[in-house]
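Report on the structure given below.
The values are calculated or read from the model by the stated rules, or taken from the named source; none is laboratory data. Here the structure is a predicted model, which is why all the values come from computation and not from measurement. As a convention, Cβ positions derive from the backbone with ideal geometry for all residues, glycine included, and neighbour counts pool all protein chains shown.
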Amino acid sequence: MIRFDYAAAAELFPSKSTFKSARVGYRRFTTAAEAVRYAIEDMPAPLLRGSSLEVEEERFDGFQIRGLYDAAAFPLVRVART
């Protein structure tokens with residue numbers, strides 16, 4: 001199990017999209033937890049695959065971002081899925 005600091009500052013680099021309606025750019029977040037939540041809950045799902053998250057000089061790809069969101073240690077309330 002890797003240690004991850006959800007309280008650390010984070011930068012999110014969404015993948016470039018060919019969809020004009022999916023204009024999502026680079027964002028900085030006060031906490032990695034907020035960045036992970038944004039990537040999973042607010043960003044268009046197709047963009048996650050090519051996105052990366054940088055926290056404390058480590059990079060995480062879309063698959064790893066999903067794992068951080070699904071982890072028991074994730075500190076924020078998740079959106080209920082129906």
Residues located in segment 65-78, provided they are under 9 Å from the mean Cα position of the chain (by Cα) and not aromatic (F, W, Y):
I65, R66, L68
Can you list residue pairs whose Cβ atoms sit under 8 Å apart, with the first residue in segment 63-82 being touching a residue at least 24 places away in the same chain (Cβ under 8 Å) and of a type in the set (S, T, Y) and the second being surrounded by 10 or more Cβ atoms within 10 Å (Cβ to Cβ) and not in a loop (DSSP other than H, G, I, E, B)? Count only pairs 6 or more apart in sequence or on different chains.
Y69/V36; Y69/R37; Y69/A39; Y69/I40
Say we look at segment 25-57 and pick out the residues that are more than 10 Å from the chain's Cα centre (by Cα) and polar (S, T, N, Q); which of these is farthest from L68 (Cα to Cα)?
T30
Please enumerate the residues belonging to segment 28-50 that are at pLDDT 95 or above and not aromatic (F, W, Y).
R28, T30, T31, A32, A33, E34, A35, V36, R37, A39, I40, E41
If you go through segment 42-68, how many residues are surrounded by 12 or more Cβ atoms within 10 Å (Cβ to Cβ) and out of contact with any helix residue (DSSP H, G or I) (no Cβ under 6 Å at 6 or more places or on another chain)?
13
